[in-house]
Amino acid sequence: MICKDEEENLQQCLPTIVQYVDEFVLVDTGSTDKTREVAARFGGNIYQFDHRNHPECFFTDVESEGKEFGYDIPGTYSGEIAFADFGAARQESFRHATGDYIMWVDADDVIEGGHHIRSIVADLATKPNAFGFLKYDYARDDKERTFYSQWRERIIGRGQAKWLNPVHEVLMPSDPIQPIRYEQVLIVHRRKPDRKQTPNRNYKILLRLLKQDFDAKRATDPRTFFYLGQEARFIEPAKAVGFYEQYLKMSGWNEERAAAHCAL
């Protein structure tokens with residue numbers, strides 16, 4: 001798990017999972033509340049990942065720095081140090097895991113059916129290059145009806161994959177995988193609506209990544225342009241058109257190509 005300022009969410013998440021696993025690793029990205037104290041109470045192995053020991057994964061959310069990577073919207077700066085690489089933090093959490101299998105969750109998740117986790121791991125151990133996919137209820141309405149869910153890769157063998165991308169991060173396997181869906185465990189997202197975060201955070205992170213790719217003269221992942229479009233459509237619609245069109249020139253993923261066409 002990676003998190004920041006999640007003391008309240010941790011108290012609803014951890015009782016639903018820590019009793020079913022051998023260890024709990026938490027990478028803290030700069031909490032100022034009691035996140036670390038709550039995690040310690042549940043037996044967590046806690047590691048700090050902040051602007052002091054990983055400065056490359058943070059930026060200062062001020063106008064002068066925003067302009068450097070192409071973000072120039074007055075009045076949308078917090079003036080604070082902002083986190084900019086979720087993939088790196090997740091990879092750090094995996095680096096500290098010592099078990100043969102790793103399961104990742106977020107602090108605002110609640111796990112239903114956690115007592116099945118060990119049997120799922122036992123089954124995965126019998127299958128070569130298998131990833132355990134679990135159902136993820138990402139959003140529910142005020143009557144607890146799920147209106148957005150997906151299957152996510154949640155349990156993998158240690159060393160089977162690496163986290164990539166600073167935002168909308170993804171587990172990239174080192175070899176072709178066998179995806180196995182397990183319905184016994186359900187993960188429910190319980191995000192609080194008043195959660196505080198850097199204004200237009202994801203858009204800033206993606207623009208920063210685009211500039212880093214340009215400066216390093218390396219190819220940009222097509223999905224970076226897709227997600228730039230997804231963010232810009234609500235912030236700078238004219239720029240979103242260009243991002244989507246660039247994505248469509250590069251990508252062969254039909255589902256996201258369809259989404260890009262719909263957005264255009």
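The values are calculated or read from the model by the stated rules, or taken from the named source; none is laboratory data. Given the structure is predicted, the values throughout are model-derived calculations rather than measurements. FYI the Cβ positions are ideal-geometry reconstructions off the backbone, even for glycines, and counts take in every protein chain you see. Quick note on the areas: whole protein, heavy atoms, side chains included, nothing else; ligands and nucleic acids left out. Shrake-Rupley method; radii C 1.70, N 1.55, O 1.52, S 1.80 Å.
Looking at region 223-264, which of its residues are open to solvent by 30 Å² or more (accessible area, probe 1.4 Å) and of a type in the set (D, E, K, R)?
The answer is Arg223, Glu231, Arg233, Glu236, Lys239, Glu245, Lys249, Glu255, Arg257.
Of the residues that make up region 139-152, is at least one in contact with a helix residue (DSSP H, G or I) (Cβ under 9 Å, 6 or more places away or on another chain) and open to solvent by less than 40 Å² (accessible area, probe 1.4 Å)? Even if it seems obvious, please write down each step before you answer.
Restricting attention to region 139-152, the residues satisfying the condition of being in contact with a helix residue (DSSP H, G or I) (Cβ under 9 Å, 6 or more places away or on another chain) are none.
Checked against the condition, which is being in contact with a helix residue (DSSP H, G or I) (Cβ under 9 Å, 6 or more places away or on another chain) and open to solvent by less than 40 Å² (accessible area, probe 1.4 Å), region 139-152 yields no hits at all.
Within region 150-264, considering only helices (runs of 4 or more DSSP H) that don't extend past its boundaries, which have at least 2 residues that are at pLDDT 95 or above, over 21 Å from the mean Cα position of the chain (by Cα) and not basic (Lys, Arg)? Before you say what the answer is, go through the steps one by one.
Details: elements: 201-215, 222-232, 237-250, 254-263.
Correct list: 201-215, 237-250, 254-263.
Within region 80-101, take every residue that is open to solvent by 50 Å² or more (accessible area, probe 1.4 Å) and either without any contact (Cβ under 8 Å) to a residue 12 or more places away in the chain or over 18 Å from the mean Cα position of the chain (by Cα) (or both) and give me the one that is nearest to Gln212 (Cα to Cα).
At the first step, the residues of region 80-101 found to be open to solvent by 50 Å² or more (accessible area, probe 1.4 Å) are 80-81, 91, 95, 98, 100-101.
Filter once more, keeping what is either without any contact (Cβ under 8 Å) to a residue 12 or more places away in the chain or over 18 Å from the mean Cα position of the chain (by Cα) (or both): 80-81, 95, 98, 100-101.
Values: Glu80: 21, Ile81: 18, Arg95: 25, Thr98: 33, Asp100: 35, Tyr101: 33 Å.
The residue in question is Ile81.
Can you confirm whether Ser119 is free of Cβ contacts under 8 Å to residues at least 12 places away in the same chain and in a helix (DSSP H, G or I)?
Numbers: free of Cβ contacts under 8 Å to residues at least 12 places away in the same chain: no; in a helix (DSSP H, G or I): yes.
So Ser119 does not fit the description; no.
Being under 21 Å from the mean Cα position of the chain (by Cα), open to solvent by 20 Å² or more (accessible area, probe 1.4 Å), over 26 Å from Tyr47 (Cα atoms) and among the β-branched types (Val, Ile, Thr) is the requirement here; does Thr60 meet it? Steps first, please.
Details: under 21 Å from the mean Cα position of the chain (by Cα): yes; open to solvent by 20 Å² or more (accessible area, probe 1.4 Å): yes; over 26 Å from Tyr47 (Cα atoms): no; among the β-branched types (Val, Ile, Thr): yes.
Considered against the rule, which asks whether it is under 21 Å from the mean Cα position of the chain (by Cα), open to solvent by 20 Å² or more (accessible area, probe 1.4 Å), over 26 Å from Tyr47 (Cα atoms) and among the β-branched types (Val, Ile, Thr), Thr60 comes out as no.
Out of the residues in region 30-57 meeting the condition of being polar (S, T, N, Q) and in contact (Cβ under 8 Å) with a residue 24 or more places away in the chain, tell me which one is surrounded by the most Cβ atoms within 10 Å (Cβ to Cβ). Even if it seems obvious, please write down each step before you answer.
Our first condition is that a residue be polar (S, T, N, Q); within region 30-57, this holds for 31-32, 35, 45, 48, 53.
This time we only want the ones that are in contact (Cβ under 8 Å) with a residue 24 or more places away in the chain, so: 31-32, 35, 45.
On the way: Ser31: 20, Thr32: 7, Thr35: 24, Asn45: 15.
So, considering only residues that are polar (S, T, N, Q) and in contact (Cβ under 8 Å) with a residue 24 or more places away in the chain, the one surrounded by the most Cβ atoms within 10 Å (Cβ to Cβ) is Thr35.
What tally of residues in region 159-218 results from selecting those that are open to solvent by 40 Å² or more (accessible area, probe 1.4 Å), hydrophobic (A, V, I, L, M, F, W, C) and free of Cβ contacts under 8 Å to residues at least 60 places away in the same chain?
Adding up the residues that qualify gives 4.
For Asp22, which of the numbered conditions (1) in contact with a helix residue (DSSP H, G or I) (Cβ under 9 Å, 6 or more places away or on another chain); (2) touching a residue at least 40 places away in the same chain (Cβ under 8 Å); (3) loosely packed, with under 14 Cβ neighbours inside 10 Å fails to hold?
Evaluating Asp22 over (1) in contact with a helix residue (DSSP H, G or I) (Cβ under 9 Å, 6 or more places away or on another chain); (2) touching a residue at least 40 places away in the same chain (Cβ under 8 Å); (3) loosely packed, with under 14 Cβ neighbours inside 10 Å leaves (1) as the failure.
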